[in-house]
1. In region 96-126, how many residues are hydrophobic (A, V, I, L, M, F, W, C), under 25 Å from S38 (Cβ atoms) and buried (at least 19 other Cβ atoms within 10 Å of the Cβ)?
2. Select from region 53-92 the residues that are open to solvent by less than 70 Å² (accessible area, probe 1.4 Å) and in a helix (DSSP H, G or I) and list them in ascending order.
3. Starting from region 130-147, take each residue that is closer than 15 Å to M70 by Cβ and list its partners that are of a type in the set (A, V, I, L, M, F, W, C) and exposed (fewer than 14 other Cβ atoms within 10 Å of the Cβ), counting only C-beta distances under 6 angstrom and pairs at least six apart or across chains.
4. Just checking, which of G29, G50 is in a loop (DSSP other than H, G, I, E, B), touching a Gly at 6+ places or on another chain (Cβ under 7 Å) and open to solvent by 50 Å² or more (accessible area, probe 1.4 Å)?
5. Evaluate the following for K119: is it outside any helix (DSSP H, G or I), farther than 29 Å from Q165 by Cβ, without any contact (Cβ under 8 Å) to a residue 24 or more places away in the chain and more than 10 Å from the chain's Cα centre (by Cα)?
Amino acid sequence: MEQIEKIIQLVTDRLMDELSQTKTQITTGPAFTILGKSEDYIVRYYKQGGYQNQMGTDFDSPEVLVITEMPLFMLTRLSHLTPNNPTEEAILNRLLKQQPIIVLEEGIEYMQKKSHISKSMIPSFEKAKLELQKWGVKFVQPQYFQNDVVTARNEQVSTPPKKKQLVTARTIQSLNLHEGDIFEVTPHMIVTALAKDYLKDQNILIEKRDA
């Protein structure tokens, strides 16, 4: 009986050691995660650079988020700061924190259907894409993942630029601005659609500054 208890204890200790090592592997080092189809060449690219492949639906914490599939209207919702689900909220949170977001251009539904979309609508989708680029989203071709992984990794984990400030209607209201006053917008601000409507309704002028 005593011998059996010793064996059980040894097995338990071994399992605890393995669990501890697994946990350490998961939680140490930079991580990347993929939203959409997991392409082998993308996974290989980041693993060669020392990144851990973080699986699951946590799109907020990994150092790099790679989006390989972007539905048509996700593009426009993100550009208008109107997330429709937790995933889109996580993407916007990453933008606010200036965390790297890489989008595979061929995975954007708009790019796939561009030739079939009404020409009058194309400028709106192009504007949405450009808006995301201004906020830090990088749209790339598959060839991007054939570049020097060390160079790319250094670029992605380098010191981030100044964080952007989200300006909402409540933010504007707290400033106690009055009709005819001027609200200055800098490149580090993201002004929501509701905030812009409030400024317009209150006849508050918007002035853009370079810095």
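1. Keep residues of region 96-126 that are hydrophobic (A, V, I, L, M, F, W, C), which gives 96, 101-104, 108, 111, 117, 121-122, 125.
Applying the additional criterion that residues be under 25 Å from S38 (Cβ atoms) yields 101-104, 108, 111.
Those still in the list that are buried (at least 19 other Cβ atoms within 10 Å of the Cβ) too: 101-104, 108.
Of the residues in that region, 5 qualify.
2. L72, M74, L75, T76, R77, L78, S79, T87, E88, A90, I91, L92
3. Note: no pairs meet the criteria.
4. Values: G50 fails: open to solvent by 50 Å² or more (accessible area, probe 1.4 Å).
Going through G29, G50 in turn, the sole match is G29.
5. Numbers: outside any helix (DSSP H, G or I): yes; farther than 29 Å from Q165 by Cβ: yes; without any contact (Cβ under 8 Å) to a residue 24 or more places away in the chain: yes; more than 10 Å from the chain's Cα centre (by Cα): yes.
Taking the combined requirement at face value, the residue satisfies it.
The values are calculated or read from the model by the stated rules, or taken from the named source; none is laboratory data. Values in this document were obtained by computation on a predicted structure and should not be read as measured data. Cβ: placed from backbone, ideal geometry, glycine included. Neighbour counts: every protein chain shown. Surface accessibility is based on the protein's heavy atoms, side chains included, excluding ligands, DNA and RNA. Shrake-Rupley method; radii C 1.70, N 1.55, O 1.52, S 1.80 Å.
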